[in-house]
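Engineer: A single structure is presented below for examination.
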Amino acid sequence: MAAPTILVTGGAGFIGSNFIRYLLAETDVRIVNLDALTYAGNLASLADCLDSERHLFVRGSITSADLVAYLLKQHAVDGIINFAAESHVDRSILGPKVFVETNVQGTLTLLSAAREAGVRRFLQVSTDEVYGSLGDQGFFTEETPLSPNSPYSASKASADLLVRAFHHTFGLDTVTTRCSNNYGPYQFPEKLIPLIIMNARQNKALPVYGDGLNVRDWLYVGDHCSAIWTAFSKGRAGAVYNIGGNSERTNLDVIRTILQQVGKPESLITFVKDRPGHDRRYAIDASRIQAELGWRPAVDFETAMARTVRWYLDHQPWLDQVASGDYQTYYQTLYGNRGRA
Ligand code: NAD
Ligand code: DAU
């Protein structure tokens, strides 16, 4: 039987580019990679994948119904894995509209096209942020009610509900994964970990929102990729799977770990005004994907963080390239207004 063809959307972003690399190394699937190349998408993140005859890159938007329908038909696509999104909470506070256009309308466009073309499986890459915020105790399970707090998480939760509806009403074979915070190579330096590495390296202030004691449950991006492929290949139709690595850390813990690894002083830490609506704590119960599908993370936080810091120190040209353009304007708009706490 011929190897399946998968439409991967958002494959020039952080997780998507790691996932393309994972598919090329670990499977024989053929990939059509649809990405609009927004500020967050970068072909430099795929430099070693562009020559593969199993990987076709197409620049375009998931909101273009005609283009999506054409690609599904032209390449006889068997499955869709939807990473494409506006992904940064702070940007969703500055301007929510594009989050609805891409994350909600774009997902609807893909679901409708998948149904029309008879695509065999649709996987929605979602986030633990759809569950809202936890207190000191407890974990998000797949039964935790959706309670999104930011425009970003509200748009992701809306997309999840559309995926659910297409399964329930139209019988589309869907799987939804909800993962905790990722870190690793090729993450855009608006997100905490690459931003801190980049600023520390340049002896710039390290902006910490609020008291720095918000907790995130960190997972290495390679482990997220293996979980998505496991859920796509073996998951139950209609199911939701939480993905996480039991690595809760406060933001200050994460920043101190980075400072030790780059050999910079804690005096760079600068407390700034908090993010509006800042979720306090995320923590994932990933027992369903572990028990049903046998997935486990392969690396622990300390090992993978050391690998990640090393990667950014060794890939300064990549950082310089993605942090040029409108990044400086964005940085000034966000952090210029925040001041010191
Ligand atoms: P990212 O911002 O790095 O990448 C997003 C990609 O989508 C970019 O390549 C961008 O060009 C592309 N894109 C944006 N709008 C598009 C459109 N209209 N059409 C086609 N492509 C478009 O994001 P990421 O961190 O890699 O996240 C990928 C997915 O994983 C998102 O759906 C996000 O919600 C989800 N997720 C992320 C994390 C995390 O920690 N980063 C955790 C859980 C889930
Ligand atoms: O939980 C999964 C989510 O993780 C994904 O769905 C999102 O796409 C992804 O961006 C991420 O969201 P967060 O808001 O948790 O990630 P971010 O890197 O923006 O922030 C992590 C924590 O660090 C958060 O508590 C806010 C804080 N922070 C962030 C930045 C950028 C700071 O203190 N200072 C900063 O400059």
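Engineer: Put +1 on the Cβ of every Lys and Arg and -1 on every Asp and Glu Cβ in region 41-149; which of LEU110, GLY135, SER147 then has its Cα farthest towards the positive end of the dipole?
Structural biologist: LEU110
Engineer: For region 74-113, treating each Cα as an identical point scatterer without solvent, what Debye log10 I(q)/I(0) comes out at q = 0.32 1/Å?
Structural biologist: -1.09
Engineer: Give the long-range amide H neighbours of ILE284: residues separated by 5 or more places, or on another chain, with amide H under 5 Å away, using H modelled in the peptide plane at 1.01 Å from N.
Structural biologist: Amide H neighbours of ILE284, under 5 Å, 5+ apart: PHE140, ASN246.
Engineer: Based on the alpha carbons, how large is the Rg to Rh ratio for region 1-128 when Rh follows Kirkwood?
Structural biologist: Details: Rg = 14.0 Å, Rh = 14.7 Å.
Rg divided by Rh gives 0.95.
Engineer: What is the Cα centroid distance between region 201-279 and region 178-197, reported in whole angstrom?
Structural biologist: Region 201-279 and region 178-197 have Cα centres separated by 7 Å.
Engineer: Still on this structure, I have one more. Say the dipole of the chain comes from +1 at the beta carbon of Lys and Arg and -1 at that of Asp and Glu; which of MET305, TYR330, TYR241 then lies farthest toward its positive end?
Structural biologist: TYR330
Engineer: Note down the magnitude of the dipole of region 218-318 about its Cα centre, charges +1 on Lys and Arg C-beta and -1 on Asp and Glu C-beta and zero elsewhere, to the nearest 20 debye. Mind showing how you got there, number by number?
Structural biologist: Values: 13 positive and 11 negative charges, 32 e Å.
Using Cβ point charges on Lys, Arg, Asp and Glu, region 218-318 gives about 160 debye.
Engineer: Between ASP314 and ASP48, what length in nm is gained on full extension when 0.36 nm per residue of separation is reduced by their alpha carbon distance?
Structural biologist: Extending this stretch completely gives an extra 94.1 nm.
Engineer: Across every pair of different alpha-carbon atoms, what Kirkwood hydrodynamic radius in Å does region 213-341 reach?
Structural biologist: On the way: mean 1/r = 0.0572 Å⁻¹.
For region 213-341, the Kirkwood estimate is 17.5 Å.
Engineer: Something else now. Please report Rg (one decimal) and Dmax (integer) in Å for the Cα set of the chain.
Structural biologist: Over the chain's Cα set, Rg and Dmax evaluate to 19.2, 61 Å.
Engineer: Let me ask something additional. Using alpha-carbon positions, what is the distance between the centroids of region 305-330 and region 12-79, in Å?
Structural biologist: The two parts, judged by their Cα centres, are 22 Å apart.
Engineer: Here's another thing I want to ask about it. Going toward the positive end of the dipole of the chain, with +1 on Lys and Arg Cβ and -1 on Asp and Glu Cβ, which of LEU259, CYS179, GLY339 do you reach last?
Structural biologist: The Cα lying farthest towards the positive end belongs to GLY339.
Engineer: Per-residue HN-Hα couplings for region 136-148, Karplus 6.51 cos²θ - 1.76 cosθ + 1.60 at θ = phi - 60°, whole Hz, x for Gly and Pro?
Structural biologist: Listing the rounded values in order: 5, 10, x, 9, 6, 10, 5, 8, 4, x, 5, 8, x Hz.
Engineer: Let me ask another. Where both residues lie in the chain, what percent of DSSP beta bridges are antiparallel, nearest 5? Mind showing how you got there, number by number?
Structural biologist: Values: 5 of 41 bridges.
Roughly 10 percent of the DSSP beta bridges within the chain come out antiparallel.
Engineer: Order of PHE19, PHE57 from fewest to most other C-beta atoms within 10 Å? Before the final figure, lay out the partial values.
Structural biologist: Working: PHE19 27, PHE57 17.
Lowest count first: PHE57, PHE19.
Engineer: Charges only on Cβ, +1 for Lys and Arg, -1 for Asp and Glu: so what's the dipole of region 34-88 about the Cα centre, in debye to the nearest 20? Write down the numbers at each step before the final one.
Structural biologist: Numbers: 3 positive and 7 negative charges, 24 e Å.
With only Lys, Arg, Asp and Glu charged at Cβ, the dipole is about 120 debye.
Engineer: Dipole of the chain, Cα-centred, from +1 at each Lys and Arg C-beta and -1 at each Asp and Glu C-beta, to the nearest 20 debye?
Structural biologist: On the way: 32 positive and 35 negative charges, 59 e Å.
Dipole about the Cα centre, nearest 20: 280 debye.
Read the figures in this text as sums done on the coordinates, not as results from a lab. What you see is a predicted model; the values in this text were computed from it and never measured. Cβ atoms come from the backbone with ideal geometry, glycine included; neighbour counts cover every protein chain shown.
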